[in-house]
Amino acid sequence: MARYIAPALRALLENIVDYAGAFPPAGLPCREAFRNYEEYRRSEQAWMLGRFVVTAGDLDLLLPEGTARFAVLAQQDQPRADCIESKTFVETAKPFYWETDDLEAVRRHGVCAKFRTGGLTPDAIPAIESLAEFLERAARLRVAFKLTAGMHEAVRSTRALTYEDNSPRAPMHGFVNVFLAACFAWRGIGRVSEVLAEMDPAAFHFDEHAHWRDRWLSVEEIAEARRSFAHSFGSCSFTEPVESLRTLGWL
């Protein structure tokens with residue numbers, strides 16, 4: 001029998017992880033990463049899985065058969081892509097995530113933003129204030145977004161940034177913190193920085209609502225914010241986010 005998952009947690013995390021196993025720090029061969037993705041699609045946690053992230057060059061290594069949704073890093077449109085991601089503007093009718101600091105330009109073009117939440121070194125992790133500013137400004141402009149890198153744990157914590165024995169350690173953003181904070185920003189509730197900074201899992205609670213301390217949102221409010229605003233995050237691991245939720249007893 002499947003384990004009970006609180007409705008608000010499911011609404012917050014539905015299709016949230018775009019699996020990027022071919023990218024650092026995992027850095028798997030593309031075909032191996034795609035085999036993992038296909039396995040995850042058959043797992044009990046498949047409801048959390050979004051697109052498979054791949055470069056335009058590596059996409060040619062993957063067979064065209066199947067129903068996989070590809071998020072393609074490219075500087076031009078790709079026929080097999082479900083969406084395009086790039087640091088340069090791409091003309092496409094598909095969903096397009098533009099990695100740029102110019103959110104006004106993103107809004108004018110009617111596309112989506114992309115923002116980095118981590119990397120392989122501590123300086124690649126944006127400060128809480130920088131991430132909060134992005135979320136609040138994107139909410140004011142009504143610009144939807146995806147995030148990428150550095151979020152393997154549900155709740156903010158200090159952890160190794162790579163899989164090497166001598167890996168640097170740093171506080172990393174928690175994906176539950178970030179996406180609940182985004183939902184708060186979308187609804188104009190505020191306290192975004194405080195939610196991002198929270199390191200106590202007991203401050204969060206999920207049932208028919210998502211609770212952080214004395215603030216809460218309904219399933220419907222969360223689902224609307226995810227659909228219209230906070231789309232997904234790219235991660236080189238799917239199993240680590242799942243295990244983090246299990247460790248907390250949320251899955």
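Cross-link candidates for LYS87: which aspartates and glutamates have Cα within less than 17 Å, leaving aside residues fewer than 8 places away along the same chain?
ASP77, GLU99, ASP101, ASP102, GLU104
For the residue pair ARG10 and MET199, what label-to-label distance in nm results when each label sits 7 Å from Cα along the Cα-to-beta-carbon direction?
Result: 3.4 nm between the two label points.
Indicate, rounded to the nearest 5 percent, the antiparallel portion of the DSSP beta bridges found entirely in the stretch 7-247. Provide the component values of the computation, followed by the final result.
Working: 11 of 36 bridges.
Antiparallel bridges make up about 30 percent of those DSSP assigns within the stretch 7-247.
How large is ³J(HN,Hα) for each residue in the stretch 195-200, as worked out from phi by the Karplus curve 6.51 cos²θ - 1.76 cosθ + 1.60 (θ = phi - 60°), to whole Hz, x for Gly and Pro?
5, 4, 7, 4, 10, 9
Based on Cβ point charges of +1 for Lys and Arg and -1 for Asp and Glu, what charge dipole magnitude is obtained for the chain about its Cα centre, in debye rounded to the nearest 20?
Its charge dipole is roughly 380 debye.
Below 8 Å between Cα atoms, with a sequence gap of 6+, how large is the relative contact order for the stretch 7-247 in percent? Please list the in-between numbers first.
Details: 474 pairs, mean separation 54.0, N = 241.
Computed value for the stretch 7-247: 22 percent relative contact order.
Modelled label-to-label distance, ASP101 and ALA46, 7 Å Cα→beta-carbon offset: nm?
Distance between label points: 4.3 nm.
Return the sequence-ordered ³J(HN,Hα) values of the stretch 133-139 in whole Hz as given by the Karplus equation 6.51 cos²θ - 1.76 cosθ + 1.60 applied to θ = phi - 60°, using x for Gly and Pro.
Couplings: 4, 4, 4, 5, 6, 4, 5 Hz.
For the residue pair THR67 and GLU243, what label-to-label distance in nm results when each label sits 7 Å from Cα along the Cα-to-beta-carbon direction?
For THR67 paired with GLU243, the spin-label model returns 3.0 nm.
Can I get the semi-axes of the chain's equivalent ellipsoid? Compute them from the C-alpha gyration tensor as square roots of 5 times the eigenvalues, in angstrom, largest first.
Square roots of five times the eigenvalues give 26, 22, 19 Å.
Test of understanding: ordering LEU251, LEU147 by Cβ neighbours within 10 Å, fewest first, what list do you get?
By the 10 Å Cβ count, ascending: LEU251, LEU147.
Can you give the FRET efficiency for GLU129 and ASP207, using 1/(1 + (r/R0)^6), R0 = 25 Å, r = Cβ-Cβ distance, to the nearest 0.05?
So the FRET efficiency works out to roughly 0.20.
At 0.890 mPa s and 25 °C, plugging the Kirkwood radius over alpha-carbon pairs of the stretch 75-201 into Stokes-Einstein gives what diffusion coefficient in µm²/s?
The Stokes-Einstein estimate is 158 µm²/s.
Going by amide H atoms built from the backbone, whose H comes under 5 Å of the H on SER157, apart from near neighbours?
For SER157, whose amide H was placed from the backbone, the distant partners under 5 Å are MET172, GLY174.
Compute the orientation-averaged projected area for the stretch 16-80 from the convex hull of its Cα atoms and round it to one decimal in nm².
Projected area, direction-averaged: 4.5 nm².
May I ask you to work out the translational diffusion coefficient for the stretch 169-209 at 25 °C, viscosity 0.890 mPa s, via Stokes-Einstein with Rh from the Kirkwood sum over Cα pairs, reported in whole µm²/s?
226 µm²/s
Which ³J(HN,Hα) values, rounded to whole Hz and listed in residue order, are derived for the stretch 215-221 from phi using the Karplus coefficients 6.51, -1.76 and 1.60 in 6.51 cos²θ - 1.76 cosθ + 1.60 with θ = phi - 60°, glycine and proline given as x?
Couplings: 10, 8, 9, 7, 4, 5, 5 Hz.
Treat the count of other C-beta atoms within 10 Å as a stand-in for reagent exposure and order TRP186, TRP47 from fewest to most.
With the sparsest Cβ surroundings first, the list reads TRP47, TRP186.
What is the spread of the Cα atoms of the stretch 1-133 along each of their three principal axes, largest first, in whole Å?
47, 36, 31
No value in this document is a laboratory result; all are computed from the given coordinates. Being a predicted model, the structure only gives us computed values, none of them experimental. Every residue, glycine as well, gets a Cβ built from its backbone with ideal geometry; the counts of neighbours run over all protein chains shown.
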